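The values are calculated or read from the model by the stated rules, or taken from the named source; none is laboratory data. The shown structure was predicted, so the numbers you read here are calculated from the model rather than taken from an experiment. Because the Cβ atoms are built from the backbone with ideal geometry, glycine has one as well, and the counts that use them run over all protein chains shown.
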């Protein structure tokens, strides 16, 4: 099956979108999707990603998987069976987004609560990327990491790397570390990440 993921991220510039797409591509290849990679589009803002997804979903050919990879923004409940996560209901309640006709919950792949949650989870990669300047005491515990507010996680990354020459910032620096993350580490700690990878495994 062919697939196309519309991703929240990449800012407003062409260069940022390229870096964003490349980082997610590297991460997915690390997951083992080389040779069957989905097409990736970094859309910039959250609303733009949703708009692009809706257009693609409406015009998709049979057998072509269209996915929306976005921040959940807020924590969300994970059912005993992750595949049963009610993603569109979360988006309806939080963003007042209507579920497009024919769209299914497995088309929404959440970064819960944000991309920084993924980054904060992989401490080994953070140590390698930031070196001795990293202050791990500023980072939240890795247990129940997806339950933490996005601003808490984002602020903790900035504080933990403030003494580093490449201190964490959204944009180029965030994508540099994103592409180095280890999917196995993320899947073990982050249920929504594990769910997203399981769905892609089925679709690709």
Filter the stretch 28-46 for residues that are without any contact (Cβ under 8 Å) to a residue 60 or more places away in the chain, surrounded by fewer than 18 Cβ atoms within 10 Å (Cβ to Cβ) and within 22 Å of residue 14 (Cα to Cα); which is farthest from the chain's Cα centre (by Cα)?
39
Quick check on the stretch 47-59: of everything there that is touching a residue at least 12 places away in the same chain (Cβ under 8 Å) and farther than 21 Å from residue 12 by Cβ, which residue is surrounded by the fewest Cβ atoms within 10 Å (Cβ to Cβ)?
58
Go through the stretch 168-193 residue by residue and tally those that are farther than 23 Å from residue 42 by Cβ and either assigned to a loop (DSSP other than H, G, I, E, B) or under 13 Å from the mean Cα position of the chain (by Cα) (or both).
1
Can you pull out every residue in the stretch 12-27 that is loosely packed, with under 13 Cβ neighbours inside 10 Å and either touching a residue at least 12 places away in the same chain (Cβ under 8 Å) or part of a helix (DSSP H, G or I) (or both)?
12, 14, 15
Residues to consider are 74, 106; find the one that is out of contact with any strand residue (DSSP E or B) (no Cβ under 7 Å at 6 or more places or on another chain), in a loop (DSSP other than H, G, I, E, B) and assigned by TED's automatic domain parsing to the domain that holds residue 38.
74
